[in-house]
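Trainee: Okay, handing you the structure first.
Each value in this text was obtained by applying a stated rule to the coordinates, not by laboratory testing. Note that this is a predicted model, so its numbers are computed, not measured. FYI the Cβ positions are ideal-geometry reconstructions off the backbone, even for glycines, and counts take in every protein chain you see.
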Amino acid sequence: MRVTEAEQQSGSLTAEHLTEALRTFRDVGYVVFENVYSPEFIAEVRTAYDKQMKAYIASRGGINAMDGKTFGKNHIGFFPQMFAPIADTQIVAHPLAVQMMTHLLGKDFHSSFFHTNTALPGSGYQPIHRDTQPLFDRSELGTATPVYTLVLNIPLCDFTLENGSTEVWTGTHLVVDDPDDKRPLEERAALLPSTRTNIPVGSLVLRDMRMWHRGVPNNSRTSRTMFALVYHRHWIADETISIPQTTWDTWGDAARHIYRKNQIIPDADHRARRWAHE
């Protein structure tokens, strides 16, 4: 869905577009909004992000030392420090995303997960996976629940077939697993059609985290990077993060409400979250 200039300026989807977007998300498992961010803003964010990613890779001993310890060959997921412009309010609480998530998750949804995914040149296939399991399996409930956790992806470049646009299996967020079915997802997915999320830079994507998906090889010469910010219904718990005071001070009411369950600390004390295995 391409956001109009009027929607971009007002920070609100029209009633018609909102209905269409909600229907698409619930039926398909994800929805794309194009023409959300200006090229200049994304370029500024990308420059700051690349600097942090370079420092992160160096801190882990270089990309070769990270082999087998990442999200797949040359596929890196890490938590950047939450300073501007990376943690700009447009990233954590863009009004169009907030409008959608309020309808999908309820007005008191929250977030404690500020993350990124980068497929470097030469990256390989990830296993097909869900980011979140269904709340109940088929032995307890024969139909899928409404969404309770979703991810906001913001690409920092065009996503193309060449550079490894994410492969997804639409509708699988509604699949209720049979506990007696021990087949791997790769075997189950082979019977279903998939699609690639080819998305222009300046877009944002909302995806139900139960959807089957995987990262695929980046055959280009440049890295393919996106934000991956997770949002929950109010009753879902998550590990909290620290937010630097300077960043918090620049955020509006919407961002502060969404990140209300985290710790606000002096800038000098802020450390990015790390995975337990790091």
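Trainee: Please return the longest stretch of the chain lacking exposed loop sites, where chymotrypsin sites (Phe, Trp or Tyr not before Pro) count only if DSSP places them in a loop and at most 12 other Cβ atoms lie within 10 Å.
Mentor: Values: sites that count: TRP235, TRP275.
Answer from the scan: 1-234.
Trainee: If each residue of separation counts as 0.36 nm, what is the full-extension length gain between THR246 and ALA84 once their alpha-carbon separation is subtracted?
Mentor: On the way: separation 162, 0.36 × 162 = 58.32 nm, distance 0.89 nm.
Gain on extension, THR246 to ALA84, equals 57.4 nm.
Trainee: Here's something else I'd like to know. Can you pull out the trypsin sites (Lys or Arg not before Pro) in segment 23-89 whose DSSP state is coil and whose Cβ has at most 13 other Cβ atoms within 10 Å?
Mentor: When the trypsin sites (Lys or Arg not before Pro) of segment 23-89 are filtered for loop state and at most 13 Cβ neighbours within 10 Å, LYS69 remain.
Trainee: What is the fewest-to-most order of VAL151, VAL28 by other Cβ atoms lying within 10 Å of their Cβ?
Mentor: Listed from fewest to most nearby Cβ atoms, that is VAL28, VAL151.
Trainee: Pick from SER111, SER123, SER38: which residue has the top mean-square fluctuation in a GNM of the chain where Cα pairs under 10 Å get a spring?
Mentor: SER38
Trainee: What is the order of SER165, SER242, fewest Cβ neighbours within 10 Å to most?
Mentor: SER242, SER165
Trainee: Could you tell me how far the Cα centroid of segment 1-50 sits from the Cα centroid of segment 233-262, in Å?
Mentor: Taking the Cα centre of each part, segment 233-262 and segment 1-50 sit 22 Å apart.
Trainee: Here's another thing I want to ask about it. Provide ARG221, ARG233 in ascending order of the number of other Cβ atoms located within 10 Å of each residue's Cβ, fewest first.
Mentor: Neighbour counts put them in this order, fewest first: ARG221, ARG233.
Trainee: Using DSSP to define loop residues, name the GluC sites (Glu not before Pro) in segment 179-244 whose beta-carbon has at most 16 other beta-carbon atoms within 10 Å.
Mentor: GLU239
Trainee: Are there trypsin sites (Lys or Arg not before Pro) in segment 109-207 that DSSP puts in a loop and that have at most 14 other Cβ atoms within 10 Å, and which ones?
Mentor: LYS182
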